[in-house]
């Protein structure tokens with residue numbers, strides 16, 4: 001029985017996202033499990049880069065999968081499943097950002113990263129550190145998080161979708177609902193902002 | 001090449017532009033412009049760091065928690081559907097009850113209106129042979145009956161045909177209960193007074209029309225004959241007098 005189950009799962013793993021979604025629409029729960037396994041890390045990475053908090057990213061991800069499951073009937077195979085899923089997750093993040101902008105004092109992390117913010121040098125790494133001393137993974141993680149967090153909210157989404165999830169410009173436009181030109185300019189602005197945050201470390205020649 | 005164009009081109013190369021001519025032009029510019037060169041280096045290095053950063057993963061029990069949540073959602077959706085169905089059923093019952101109640105109210109209202117219509121014609125349902133309308137005529141209590149006209153004769157005079165054995169009000173409308181070819185339509189018939197007049201009454205025309213519509217031909221003939229008889233009786237009984245000469 002267990003062998004049969006494993007064989008079924010292996011067969012399901014060979015199917016495309018869209019084929020799996022069609023099966024989910026017919027009430028096949030195991031197909032959705034395969035989709036969750038396929039996307040849970042990617043989606044979490046995206047959400048974590050956006051919100052900068054593990055618990056919150058996980059909460060949003062869970063909500064996104066639940067929404068995808070409940071509204072599976074609304075999914076049309078003309079769109080890529082990944083785009084659809086990212087759109088759901090992005091809208092959830094947007095809703096949270098909106099509610100947080102109404103109560104910024106409760107979420108100080110989110111209130112930063114606006115346009116016109118004075119660029120401050122990143123202070124994660126010890127200034128007395130010698131350039132030869134290599135930065136470890138957790139330090140790199142913090143540097144990256146800080147760099148992303150300092151990108152203004154409206155540029156951050158497109159930037160993460162492009163540089164973290166490697167989505168095409170067309171896909172980003174579909175997920176964010178922006179025009180292609182707007183996506184392009186926002187990504188370039190975000191890249192420049194990210195560069196400015198990391199520039200002091202790069203200039204120092206610290207080995208990553 | 002200007003710095004602005006060079007930076008624009010730089011972003012395009014980051015997005016995978018493959019154009020050897022443009023690449024050469026950009027490299028030449030970067031060789032001449034140190035600001036653009038620094039920018040290009042920082043940009044490439046920062047993005048490289050981002051791509052090298054370890055991928056963040058959800059907690060190990062994420063799938064398990066998600067499955068629990070999905071199950072909860074599934075159960076709550078099912079419960080919601082069941083409650084919706086139950087509500088619909090109860091709503092249907094309520095709807096049916098309300099419809100029956102409304103129908104009953106309409107029937108009752110119709111009956112009351114119908115009774116009120118008969119009352120306004122001066123027709124009273126009496127148990128005996130005493131005709132209340134005759135009393136009304138005598139006393140002038142009923143406005144629909146001309147009290148100034150002389151009222152003589154018994155209630156039998158109102159019978160167009162045959163003896164009176166039925167209800168008083170039936171006789172008042174010019175019908176006999178006995179010998180009539182069917183009594184079913186008697187209630188719908190209008191009143192013809194013994195002086196031959198038909199009291200003015202709203203709805204009278206429609207009542208007559210309705211009554212005649214429901215009658216058989218035999219019943220219609222019988223009804224009209226009865227009224228003719230009544231008028232003839234009246235003419236025989238009352239001689240027209242000159243009101244002016246009486247006064248003199």
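Remark: A:194, A:81, B:13, B:103 ranked as B:103, B:13, A:81, A:194, counting other beta-carbon atoms within 10 Å and listing the fewest first. Projected label points at residue B:55 and residue B:225, each 7 Å from Cα along the beta carbon direction, are separated by 10.7 nanometres. Given R0 = 45 Å, the distance between the Cβ atoms of residue B:41 and residue A:80 translates into a calculated FRET efficiency of 0.80. Each of A:46, A:39, A:169 was scored by other Cβ atoms within 10 Å of its Cβ. Arranged with the fewest first, they read A:169, A:39, A:46. Calculate, for residue A:53 and residue B:63, the FRET efficiency according to 1/(1 + (r/R0)^6) with r their C-beta to C-beta distance and R0 25 Å; round to the nearest 0.05. Efficiency, rounded to the nearest 0.05: 0.80. Going from the residue with the fewest nearby Cβ atoms within 10 Å to the one with the most, B:93, B:215, A:97, A:157 rank B:93, A:97, B:215, A:157.
Spacing of the modelled spin labels on residue B:12 and residue B:91, each 7 Å from Cα toward Cβ, amounts to 6.1 nm.
Coordinate-derived values only; no laboratory data. Since the structure is predicted, the reported quantities are computational estimates derived from the model, not experimental observations. Methodologically, a virtual Cβ is constructed for each residue, glycine included, from the backbone with ideal geometry; neighbour enumeration extends over all protein chains shown.
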